[in-house]
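So the structure is just underneath, and the comments pick up after that.
The values are calculated or read from the model by the stated rules, or taken from the named source; none is laboratory data. For clarity, every value in this text was computed on a predicted model and none was experimentally measured. Ideal geometry is used to build each Cβ from the backbone, glycine not excepted, and the neighbour counts take in all protein chains shown. These accessible areas exclude ligands, DNA and RNA; they are computed on the full protein's heavy atoms, side chains included. Shrake-Rupley method; radii C 1.70, N 1.55, O 1.52, S 1.80 Å.
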Amino acid sequence: MSSDKSCCGSFTQCFFDYTTPKSLVIRSKRVGALNRLCQALVIAYIIGYVCVLKKGYQDTDSVISSVTTKVKGIALTNTSDLGTRIWDVADYIIPPQVPSRYKEEKEENSFFVLTNLNITPNQTQSHCAENPGPESSCSSDKDCKKGFHDSRLSGVRTGRCVHFSETNKTCEVLAWCPLEKDGDPPDPPMLAEAENFTVLIKNSIRYPKFNFNKRNILPYINSTYLSQCVFSRKTDPDCPIFRLGDIVAEADEDFQTMAVHGGVMGVQIRWDCDLDMPESWCVPRYTFRRLDNKDPDNNVAPGYNFRFAKYYRNADGVEVRTLIKGYGIRFDIMVFGKAGKFNVVPTLLNIGAGLGLMGLVTVVCDWFVLVFMAKRHLYKQRKYSYVDDFEPLSNDVP
């Protein structure tokens with residue numbers, strides 16, 4: 001019973017305690033040096049890291065961007081299937097292969113350049129033997145189910161087992177015949193000259209919070225300069241026209257090797273703008289890197305390819321097509337950026353947060369004195385004083 005009263009009394013006493021700051025000056029060179037060192041570190045953090053490095057005095061905004069591209073270049077090929085042929089921008093730029101980030105997006109931030117192709121000419125809708133394989137080989141008509149079709153087959157089976165060659169028999173299919181032959185793409189690539197094609201990248205950016213607009217065709221760039229320049233880090237770092245071979249080389253890749261199977265390249269445009277400085281200081285920075293996997297230990301389905309066809313009618317009115325399995329490089333243009341401008345609100349918030357760290361200096365110094373100083377018991381006795389309750393002054397007291 002007495003212990004319960006003791007606990008209740010201790011709780012009541014702690015609950016009604018009042019603590020007030022007390023100034024105690026310790027004349028010690030070690031403690032004084034530690035105090036000034038901690039204060040210097042806090043001030044260096046506020047000025048160096050918060051204000052200078054992170055620009056804590058600025059309000060920030062993220063970039064809103066739009067990108068358009070225009071590719072130029074001509075290539076010459078001479079093949080048994082097509083003969084001598086000139087390829088211009090209408091032939092090797094394939095808009096349907098450009099992905100859209102959002103369904104409502106009309107302008108894409110990518111473009112595709114055809115660099116290599118396998119051609120199957122003069123296909124018509126007819127019957128022919130399926131290409132040899134585990135699923136298409138047969139010995140009699142019983143092995144070929146009529147009407148059967150699968151995503152891995154080239155057509156719909158007719159139910160007949162026919163000769164593909166003198167030694168192989170496969171199921172007959174209704175398809176675009178002759179069927180496409182499986183095989184590796186040509187090496188060197190057919191459109192090897194694509195390395196010298198150029199692309200004009202037009203990028204407009206906006207920071208809505210600061211009502212700031214700019215584009216990568218800078219104010220001093222005129223039509224004469226634009227018709228002659230090609231991006232170079234040393235001579236023309238602001239030119240928005242890029243040679244495709246240079247883009248790939250900047251990513252430490254070989255264009256001719258990449259052009260055989262295709263791939264995906266990233267063009268990164270970064271706008272980091274300090275709007276407290278002159279507007280001319282806000283310029284884009286370009287970097288380039290390969291985005292698709294190029295792991296030599298896992299080279300299944302390498303590169304980037306797709307199929308498309310060109311249709312026409314022959315003299316007999318029969319629909320004919322030329323099937324093209326195209327390999328090429330897709331260039332994805334990614335825009336990043338952040339702008340900052342002085343604002344009193346973040347300035348006060350960051351300075352206040354930094355000054356709040358000054359309270360840690362007292363904690364560190366008190367800990368040092370209470371743990372490592374020889375007269376720590378005397379310091380504790382002087383620092384913490386306990387005073388009993390006093391009655392308020394009465395009206396009778398003079």
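Looking at the stretch 214-245, which of the residues that are surrounded by fewer than 12 Cβ atoms within 10 Å (Cβ to Cβ) and among the charged types (D, E, K, R) is farthest from the chain's Cα centre (by Cα)? Step through it out loud before you land on a result.
We begin by selecting, within the stretch 214-245, every residue surrounded by fewer than 12 Cβ atoms within 10 Å (Cβ to Cβ); these are 219-220, 222-224, 227-228, 233-235.
If we keep only those that are among the charged types (D, E, K, R) as well, we get 233-234.
Details: ARG233: 22, LYS234: 25 Å.
Checked the stretch 214-245; the qualifying residue farthest from the chain's Cα centre (by Cα) is LYS234.
Hey, does the stretch 254-266 have a residue that's touching a strand residue (DSSP E or B) at 6+ places or on another chain (Cβ under 8 Å), farther than 21 Å from ASP184 by Cβ and assigned to a strand (DSSP E or B)?
For the stretch 254-266, residues touching a strand residue (DSSP E or B) at 6+ places or on another chain (Cβ under 8 Å), farther than 21 Å from ASP184 by Cβ and assigned to a strand (DSSP E or B): present.
Any residue in the stretch 69-84 that's farther than 28 Å from PHE242 by Cβ: show its pairings with residues that are open to solvent by less than 50 Å² (accessible area, probe 1.4 Å) and of a type outside the set (Gly, Ala, Ser) at Cβ separation under 6 Å, as long as the two are six or more apart or on different chains.
Sorted first by the residue in the stretch 69-84, then by its partner, the pairs are ASP81/ILE119; ASP81/PRO121.
Hey, ILE43 hits all of (1) over 30 Å from TYR207 (Cα atoms); (2) modelled with pLDDT of 85 or more; (3) among the β-branched types (Val, Ile, Thr); (4) open to solvent by less than 60 Å² (accessible area, probe 1.4 Å) but one; which does it fall short on?
(4)
Residue by residue through the stretch 246-262, note down the ones that are open to solvent by 10 Å² or more (accessible area, probe 1.4 Å) and touching a Gly at 6+ places or on another chain (Cβ under 6 Å).
Listed by number, the list holds a single entry, HIS261.
Restricting attention to the stretch 70-83, does a residue exist that is among the polar types (S, T, N, Q), farther than 30 Å from PHE368 by Cα and open to solvent by 40 Å² or more (accessible area, probe 1.4 Å)?
Of the residues in the stretch 70-83, the ones among the polar types (S, T, N, Q) are 77-80.
Keeping just the survivors that are farther than 30 Å from PHE368 by Cα gives 77-80.
Add one more test, that the residue is open to solvent by 40 Å² or more (accessible area, probe 1.4 Å), and what stays is 78, 80.
Yes, the stretch 70-83 contains a residue that is among the polar types (S, T, N, Q), farther than 30 Å from PHE368 by Cα and open to solvent by 40 Å² or more (accessible area, probe 1.4 Å).
Consider MET277 against the criteria (1) open to solvent by less than 20 Å² (accessible area, probe 1.4 Å); (2) of a type in the set (A, V, I, L, M); (3) part of a loop (DSSP other than H, G, I, E, B): it satisfies all of them except one. Which criterion is unmet?
In the conditions (1) open to solvent by less than 20 Å² (accessible area, probe 1.4 Å); (2) of a type in the set (A, V, I, L, M); (3) part of a loop (DSSP other than H, G, I, E, B), MET277 misses (1) alone.
Going by the structure shown, is GLY155 touching a helix residue (DSSP H, G or I) at 6+ places or on another chain (Cβ under 7 Å) and open to solvent by less than 90 Å² (accessible area, probe 1.4 Å)? Working first, answer last.
Numbers: touching a helix residue (DSSP H, G or I) at 6+ places or on another chain (Cβ under 7 Å): no; open to solvent by less than 90 Å² (accessible area, probe 1.4 Å): yes.
So GLY155 does not fit the description; no.
Among the residues of the stretch 188-197, is any open to solvent by 50 Å² or more (accessible area, probe 1.4 Å) and farther than 30 Å from PRO219 by Cα?
Yes, the stretch 188-197 has at least one match.
Working only within the stretch 310-341, note down all residues that are over 19 Å from TRP271 (Cβ atoms), in a strand (DSSP E or B) and open to solvent by 30 Å² or more (accessible area, probe 1.4 Å).
LYS310, TYR311, TYR312, ARG313, GLU319, ARG321, LYS325, ARG330
Condition (residue is surrounded by 12 or more Cβ atoms within 10 Å (Cβ to Cβ) and either at pLDDT 75 or above or in contact with an Asp or Glu (Cβ under 7 Å, 6 or more places away or on another chain) (or both)) applied to the stretch 383-393: is it met by at least one residue?
Our first condition is that a residue be surrounded by 12 or more Cβ atoms within 10 Å (Cβ to Cβ); within the stretch 383-393, this holds for 383.
Narrowing the set further to residues that are either at pLDDT 75 or above or in contact with an Asp or Glu (Cβ under 7 Å, 6 or more places away or on another chain) (or both) leaves none.
Scanning the stretch 383-393, I find no residue that is surrounded by 12 or more Cβ atoms within 10 Å (Cβ to Cβ) and either at pLDDT 75 or above or in contact with an Asp or Glu (Cβ under 7 Å, 6 or more places away or on another chain) (or both), so the answer is no.
All but one of (1) hydrophobic (A, V, I, L, M, F, W, C); (2) without any contact (Cβ under 8 Å) to a residue 40 or more places away in the chain; (3) surrounded by 11 or more Cβ atoms within 10 Å (Cβ to Cβ) hold for PHE306; state the number of the condition that does not hold.
(2)
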